[in-house]
Structures are given as structure tokens and as C-alpha cells.
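Structure record follows, encoded as C-alpha cells.
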Amino acid sequence: MKKYLSLLIYLLIITGCNHPGGRSWMIPVSIDPSDLAYTPSQMESFEARRSQVIDSLNNSFVILKSTAPCSFNRHEFRPNNYFYYLTGYEAAGSYAILSSDPQQKFTLSLPPESIRSLIYSGGALPAEEIQEQYGPDNLVSYKEARSLMDSLVQTGATIYTDRSDIAFLAKLQKMAGEDGSTQFSNIASLVDEMRVIKESMEVEKLQKACNITARALTNVMKECRPEMYEFEMEALIEGTFLEYGSAMPGFNSIVGSGPNSTILHYEPNTRLMKSGDLLLMDIGAEYAYYTADITRTIPVNGKFTPEQRSIYQLVLDAQLAAIEQMKPGKMFMDGHMAAKEVIVNGLTELGLITDPTSPWQIKFYILYPSSHFLGLDVHDVGDKGGSFAQFMEQTPLDSMKSRVLEAGMVLTIEPGLYFREKGLEQLPKIFASEADSIEIAEFIEEVRPIYEQYVNTGVRIEDDILITTRGNINLSRYAPKEIEDIEQLMK
Ligand SMILES: [Mn+2]
């Protein structure tokens, strides 16, 4: 109950400053990293999460490893999300073991320590400090943890672990031996639903991640010029992340100009930007392991062309209509469906759709469901009430089959329109199995003169939305998205 109360108080505070700082785009973000540390009362939230998991264990166990798989020195260390969510602890090479045995509900291991690790990586926190801060019932050495795990996997009890950490799962299976009596279940089944509803301390981290990302986007709006490279914008973005204490992006930055704006997950970021191009940036700072995911699309030379303007405004209208739908009691996919309706009507008016009831014409333009959960993972865990494929099959007339939105959920909304140069040529291939070839040929002939005006135009607008008891709060509200605001900032 306590966590909901603090969430409520937090919401009351931030709804009071719900509007961006006018034309100057004063983004309330400070370099001060003191908010990375958890207070003792916040640490109780981690304990409450563990209790909830332990209550459902019934003589089974949870074994988690802090280290997420990554290649040597290629990426910065970042703890496994399940391990972190249940412990708050962030040292590499540690294990957490949860059990329903009241004497040892929570066992945490110290990281392995050797002279070599002291020389190369420095020491871990002293044991007394770890005990004090993270409150395990047993704080054991790395070796002791290994032998405890070894005995637990021999008992035949069910072991919950992160099955996506394939190397660790293989190690546990090897320890358990050949007889196959030990079942390794996915920790996701115990924890994912908890992760769907964000606590106030999680919302605070997400808000800061969003504010840092908004600052990066406004920095680009101020600096972007024709004849600069995409990677110069990427440097400005990720440099801004670092400047505000975000250790790394939550995912590879997508910074695509001109034709690259039409590639959904374009990542090389190497092109020389030209006057008249659009620049699409889908980026997110990670702060305290929580990631933002914001997309803005801007004209490289600071002024939208009439064609760009009409597509941009259509996507923006769709996105705003979607955000209206994002409140408790509405369905997860209601936002997407509202956006889809606006886009289909707009494209029909422009002459880019000839039959607004044609499923394949709609699917040609609307490429993905516009929402996903956001949190420790950029595509965060949790049941959305349907699969990607099911969501894509729905037409505006279908009844919604997804999931009811609840206060505390955080999800993105990211409609987009992408006019690939070869888009029309690809049509017969894309819909070979679901549309008549003559129907496709007629569509191409009719639409081509209009489509060609928009070739190499890619527009996506993405915000991060917190569902509240009364509606929603746009966590990424400090990143400008109205045409006049963007043009004003780029002057
Ligand atoms: Mn996204």
C-alpha cells in the first residue's frame, strides 16, 4: 500500500509542473547524481519485491546472477534486470538466492575477489556496507554461493532463473546433472507483472532519463545544419547523456537523415546531411538502469517543406489522438487504433490510400503496433494482452483485444510514416499472398504520382506516457514536437 501512496504523492507534485517552460524550453534536469543512490526507505521497496516473490515460492528457489552476458570490454557492465529489480545491488559477478526458508530468505554473494581483480577492477564495497545497504539474511562469499547453488539444484526443487541468460542456465543445468528431475522455470513468470506497474522511485528515474534525452534533442535542434554528418548529431546526443550522468544509451541511437529516415532501425549514422532532408532521431538515455525512448523528427535546414509539413502534422495529429486514449480503463491498443484512424483518413485525403477499408493498403503504411512498455528494458517486460501479429491484424472495426491500462504503467506511443524510395516496387512482394496482383498494380499506378512527392520522407514521433489515476503524464513533454516550436528552436 505504501508504494501506491508515495506514487500518489509524487504524481501530485509533478502534475503541478506539467507544462514545458514555454518558448525557452527550460528542461528541469540537473547534473547532480545524488538521485542515483537509494534512500533506506526506498531500499524497503526492494525488500517488498523480494517478499512478494518469496511468498509464491512454495519450496522452490530463485537463483539469479548479476552479470548480464556481454563481450569482453566491449560494453560497460550493467546488471541483469531481474537481479537488479529484486536486490538493488549492482556489482558484477554476484549471485542472489531467494528461498521460502525463513532463515535464509535472501542470500547475496560478494563478488569474487582476487589480487588480480583488485589490481584490474578495484575492490567491491566492504562486506559491512553491503550488509547494511542491501540487507541480505546471509552474505556469503562467491565460493560459498557456488556450493549452496550446487546443493540446491540437486534437491529436485523447481529453480526460477532468468532463462534468457543462456550461458548461466546451461551452467545451472550442468550442476543439476543428467537425471533431469530439476525444473528450471523462468523468473519472468514471477516478476514481469510486478515490473509493469512502476513505483514512484522508478518513475523518478524514468523522468530524469526523459529529461536528459529531451535536453539532447533540443541541443540537436539548436546545432543541426546541412553538410554535417549524422554521427556529429549522435555525438551531441550521447555526449549530452554522459554530461548528465547517464552512463550509456538504453539502446543504439537511431539518427537517420533523408532516405535513412525511412529505415525503422537505421543505426550506422554515417551519412552527410543535406538541406531539405528530414532527420529522425530515436534515442534514449539510460539513468539508474531505466531508459527513455523518445523520437523526434526535424528538418535539417530548420524549415519543413510543405510536403514534409503535411506528413509531419498528420503523424503528430495521430499521436495526439492516441495520447488522449491513454488512461486507466482504456485498452493497451486503443492509442494505436486512434492513431491508425487519423493516419488512414489523412492518407486517403492525400490520395495515398485509395480504399480506406483495404487491410493491405493500411498495412503498407502502418508497419508496427505503436506502443510498448518501458522501464529497465526499452521494450519492457509484461503481458500486453496480445502479440505483435495479432495487433497488426486488427482493423478499426474490430473490437480491441489487448489489456486494460492501469495507473503506474509506462508505455510509449510512436506512430510513424515512412516513404521508402522503392516502397511501391516492393508492394507486390509484400502482399503476394493477401492481395490480388491486378488490384496492387492499379493501386500503384494511381498512387505513384503522389507517393513520389514524399519519397525519402520518414517521420516518427514518440513519447513516453505514464498512466495515472486521472489520465496520463507525458514524461517526454520537454522535447518539443509542434512544428512552430521546432522551427523556432532551429532558427
Ligand atoms: Mn519505442
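All of 376, 352, 367, 316 fail the test of being of a type outside the set (Val, Ile, Thr), in contact with a helix residue (DSSP H, G or I) (Cβ under 9 Å, 6 or more places away or on another chain), in contact (Cβ under 8 Å) with a residue 12 or more places away in the chain and not in a loop (DSSP other than H, G, I, E, B), apart from 316. Scanning the stretch 119-141 turns up at least one residue that is surrounded by fewer than 17 Cβ atoms within 10 Å (Cβ to Cβ), of a type in the set (A, V, I, L, M) and not in a loop (DSSP other than H, G, I, E, B).
In the set (1) touching a Pro at 6+ places or on another chain (Cβ under 8 Å); (2) closer than 28 Å to residue 308 by Cα, the condition left unmet by residue 388 is number (2). When 314, 264, 279 are checked against the criterion of being surrounded by fewer than 19 Cβ atoms within 10 Å (Cβ to Cβ) and either touching a strand residue (DSSP E or B) at 6+ places or on another chain (Cβ under 8 Å) or among the hydrophobic types (A, V, I, L, M, F, W, C) (or both), 264 stands alone in meeting it. Just checking, does the stretch 464-483 include any residue being away from the ligand (no atom under 16 Å from the Cβ), under 30 Å from residue 292 (Cβ atoms), more than 21 Å from the chain's Cα centre (by Cα) and of a type in the set (D, E, K, R)? Yes, the conditions are met somewhere in the stretch 464-483. Looking at the stretch 407-436, which of the residues that are among the hydroxyl-bearing types (Ser, Thr, Tyr) and either touching a residue at least 60 places away in the same chain (Cβ under 8 Å) or closer than 20 Å to residue 476 by Cβ (or both) is farthest from the ligand (Cβ to nearest atom)? Only one residue tops the list, namely 418. The single condition among (1) buried (at least 20 other Cβ atoms within 10 Å of the Cβ); (2) within 15 Å of the ligand (Cβ to nearest atom); (3) within 14 Å of residue 465 (Cβ to Cβ) that residue 323 does not meet is (1). The requirement of being exposed (fewer than 15 other Cβ atoms within 10 Å of the Cβ) and of a type in the set (S, T, N, Q) is not satisfied by residue 109. Taken over the stretch 404-453, residues that are touching a strand residue (DSSP E or B) at 6+ places or on another chain (Cβ under 8 Å) and outside any loop (DSSP other than H, G, I, E, B) amount to 8. So, residue 227, is that one assigned to a helix (DSSP H, G or I) and in the same structural domain as residue 475 (by TED's automatic domain parsing) or not? When the stated conditions are applied, residue 227 does not pass them. Scanning the stretch 277-295 for residues that are in a loop (DSSP other than H, G, I, E, B) and in contact with a Leu (Cβ under 6 Å, 6 or more places away or on another chain) yields 288, 289, 293. Once the stretch 242-254 is narrowed to residues that are away from the ligand (no atom under 15 Å from the Cβ) and free of Cβ contacts under 8 Å to residues at least 60 places away in the same chain, the residue that is surrounded by the most Cβ atoms within 10 Å (Cβ to Cβ) is 246. Screening the stretch 285-299 for residues that are farther than 13 Å from residue 78 by Cα and out of contact with any Lys or Arg (no Cβ under 8 Å at 6 or more places or on another chain) and picking the one that is nearest to the ligand (Cβ to nearest atom) gives 293. The sole residue among 154, 103 that is part of a loop (DSSP other than H, G, I, E, B), touching a residue at least 12 places away in the same chain (Cβ under 8 Å) and among the polar types (S, T, N, Q) is 154.
Conditions tested, residue by residue: (1) crowded, with 24+ Cβ neighbours inside 10 Å; (2) at pLDDT 95 or above; (3) in a helix (DSSP H, G or I); (4) assigned by TED's automatic domain parsing to the domain that holds residue 453.
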{"residue": "213", "(1), (2), (3), (4)": "yes, yes, yes, yes"}
{"residue": "216", "(1), (2), (3), (4)": "yes, yes, yes, yes"}
{"residue": "222", "(1), (2), (3), (4)": "no, yes, yes, yes"}
{"residue": "232", "(1), (2), (3), (4)": "no, yes, yes, yes"}
{"residue": "235", "(1), (2), (3), (4)": "no, yes, yes, yes"}
{"residue": "256", "(1), (2), (3), (4)": "yes, yes, no, yes"}
{"residue": "260", "(1), (2), (3), (4)": "no, yes, yes, yes"}
{"residue": "275", "(1), (2), (3), (4)": "no, yes, no, yes"}
{"residue": "297", "(1), (2), (3), (4)": "yes, yes, no, yes"}
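On the stretch given as the stretch 31-65, residues that are more than 17 Å from residue 101 (Cα to Cα) and among the β-branched types (Val, Ile, Thr) total 2. Within the stretch 446-462, residues that are among the β-branched types (Val, Ile, Thr) reach partners that are part of a helix (DSSP H, G or I) and within 16 Å of the ligand (Cβ to nearest atom) with beta carbons closer than 8 Å, at six or more positions or on different chains, in the pairs 457/261; 459/261; 459/315; 461/315; 461/319.
So, of the residues in the stretch 157-176 that are β-branched (Val, Ile, Thr) and assigned to a strand (DSSP E or B), which turns out to be surrounded by the fewest Cβ atoms within 10 Å (Cβ to Cβ)? Across the stretch 157-176, the extreme among qualifying residues is 161. If you go through the stretch 379-396 and keep only what is of a type outside the set (Ser, Thr, Tyr), more than 16 Å from the ligand (Cβ to nearest atom) and part of a loop (DSSP other than H, G, I, E, B), you end up with 383, 385, 386, 394, 396.
The values are calculated or read from the model by the stated rules, or taken from the named source; none is laboratory data. A quick note: this is a predicted structure, and the numbers were derived from the prediction, not measured. In this analysis, Cβ positions are derived from the backbone assuming ideal geometry, glycine residues included, and neighbour counts consider all displayed protein chains.
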